[in-house]
Amino acid sequence: MMLTRAQQLELFYWMSLTRIFDENMVALWKEGRGLGGAFSQRGHEAINVGAGYALAADDVVAPMHRDLGTYLLRGMSARRIFGNLWGRANGVSGGRDANLHGMGDLNLNIIGFISHLPHSLPVALGVAMNFTYRGEARAVLAFTGDGSSSAGLFHETLNLAAVCQAPLVILVENNQYAYSTPLSQQMKLPEIAARAAGYGIPGVRVDGNDVEAVYAVVAEALARARRGDGPTLIEAVTMRMLGHAIHDGFEYVPRELLAEWEQRDPVRLYREKLLAAGAVDSVELDEIVHRCEVEIADAIEFAENSPLPDPATIEVGVYAP
Ligand SMILES: Cc1ncc(C[n+]2csc(CCOP(=O)(O)OP(=O)(O)O)c2C)c(N)n1
Ligand SMILES: [Mg+2]
């Protein structure tokens with residue numbers, strides 16, 4: 001699947017925007033200026049952008065806490081997301097959840113992320129089965145983590161999705177850790193994609209630091225789902241480059257391991273790949289990065305100057321006030 005030069009520059013733009021958003025978020029939280037929890041997606045850019053880029057406009061996605069790039073490229077603006085992080089009235093959740101959680105917007109075909117893991121998977125499956133019942137050629141992409149892939153609901157979802165031939169793609173972001181637990185201490189299999197065999201569906205392993213590889217694998221799985229050929233399990237292998245959340249100093253991660261993965265930083269790798277191919281020069285890429293810096297600075301200023309929710313609206317959206 002060959003991408004055009006324009007598409008490649010788009011991928012670079014979304015990865016850069018995600019990285020710069022993330023770096024600013026981390027820096028602001030370290031200054032004590034954040035409100036809720038801050039989960040860095042650093043290292044996940046090739047996954048959340050590559051996979052998100054493969055979605056068709058009317059596909060539905062269920063991202064999780066390291067999928068900032070997917071929200072952004074789905075059309076959720078950096079202003080709205082920073083507004084959410086700072087609990088503002090014009091944030092995605094209207095100031096209800098100062099986090100990367102609770103950012104659902106069905107107008108953008110995004111299922112809101114609920115903290116409990118992996119509870120968005122059966123929700124995503126329900127949406128996928130709905131497409132089948134209606135005879136619509138649409139697919140659902142649901143993200144989950146390596147740790148989450150050992151929870152019961154992951155297995156129940158895969159089993160039912162397989163039996164129902166649901167148009168569902170489950171992408172496990174294997175970032176080697178679930179909080180402080182390394183992969184080897186929470187599952188015996190070295191490869192998460194191998195779990196697909198237990199359910200009779202394809203399992204694919206992909207380099208999660210190669211944005212074009214992730215895009216190709218997810219695009220193929222989504223096309224398969226839309227054709228009515230059923231679900232796919234994808235394992236995208238990467239590394240969580242910071243702590244579980246901002247409060248976590250991740251002393252339990254060997255520094256040599258991080259240094260190894262730093263050599264394979266997905267944003268830098270893509271930049272180098274584009275430059276090596278000769279179709280683009282560094283000036284053009286630097287301009288894109290600069291555009292992203294301006295966009296994020298604007299989003300931060302916008303969120304900072306936005307109002308907190310009106311206390312009179314406290315019951316809005318509450319199911320049983
Ligand atoms: C049911 C449940 N138990 C515990 C938690 C607390 N928790 C939040 S994230 C997390 C680790 C998840 O690890 P993984 O699935 O590998 O995703 P990652 O954070 O590494 O991207 C835990 C234990 C939770 N959110 N839900
Ligand atoms: Mg993990």
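Every number here is computed from the coordinates shown, using simple stated rules; none is lab data. Nothing here was measured: the structure is a model prediction, and the numbers come from that model. So basically every Cβ, Gly included, is an ideal-geometry build from the backbone, and we count neighbours across all protein chains shown.
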Self-check item: Length released on extending from residue 133 to residue 312, taking residue separation times 0.36 nm less the Cα-Cα span
Solution: 60.3 nm
Quiz item: Semi-axes, largest first, in whole Å: what does sqrt of 5 times each Cα gyration tensor eigenvalue give for the stretch 84-125?
Solution: 20, 12, 5
Quiz item: Measuring from label point to label point, each 7 Å out along Cα→Cβ, what is the residue 27 to residue 197 span in nm?
Solution: 4.8 nm
Quiz prompt | Rg over Rh [alpha-carbon atoms, Kirkwood Rh] for the stretch 174-245 | solution = 1.02
Quiz item: What is the stretch 188-270's relative contact order, in percent, from Cα pairs under 8 angstrom and six or more apart in sequence?
Solution: 31 percent
Self-check item: Amide proton proximity set for residue 205, modelled H, under 5 Å, gap of 5+
Solution: 235
Quiz item: Taking the mean number of other Cβ atoms within 10 Å as a proxy for protection, how do you rank 274-280, 167-173 from highest to lowest?
Solution: 167-173, 274-280
Self-check item: Whole-number D in µm²/s for the stretch 194-321 (Stokes-Einstein; Kirkwood sum over Cα pairs; 25 °C, 0.890 mPa s)
Solution: 125 µm²/s
Exercise. Would you mind calculating the gained length between residue 58 and residue 189 on full extension (0.36 nm times residue separation, minus the Cα-Cα distance), in nm to one decimal?
Key: 43.6 nm
Quiz prompt | For the stretch 1-56, diffusion coefficient by Stokes-Einstein and Kirkwood Rh (Cα), 10 °C, 1.306 mPa s, µm²/s | solution = 126 µm²/s
Exercise. Taking each pair of different alpha-carbon atoms in the stretch 72-219 once, compute 1/r for the pair, average those values, and report the inverse of that mean as the Kirkwood hydrodynamic radius in Å to one decimal.
Key: 16.7 Å
Quiz item: Taking N as the number of residues in the chain, what value does Rg over Cα atoms divided by 2.2 N^0.38 Å take?
Solution: 0.97
Practice problem: Round to a whole angstrom and tell me the spacing of the C-alpha centers of the stretch 42-83 and the stretch 108-180. | Solution: 16 Å
Quiz prompt | Segment residue 304-residue 250, length gained on full extension (0.36 nm per residue, minus Cα span) | solution = 16.5 nm
Exercise. Rounded to the nearest 500, what is the 222 nm mean residue ellipticity of the chain from helices alone, with -39500 (n - 2.57) per DSSP H run of 4+ residues and division by all residues?
Key: -13500 deg cm²/dmol
Exercise. Find, to one decimal place in angstroms, the Kirkwood hydrodynamic radius of the stretch 3-128, where the mean of 1/r is taken over every pair of different Cα atoms and then inverted.
Key: 14.8 Å
Self-check item: Reference-scaled alpha-carbon Rg (2.2 N^0.38 Å with N residues) for the stretch 127-201
Solution: 1.20
Quiz item: Could you give the distance between the Cα centres of the stretch 267-321 and the stretch 205-249, to the whole Å?
Solution: 21 Å
Self-check item: Listed residue (93, 316, 52) projecting farthest to the positive dipole end of the chain, Cβ model
Solution: 316
Quiz item: Anyone know which of 120, 150, 93 comes out most mobile in the 10 Å Cα GNM of the chain?
Solution: 150
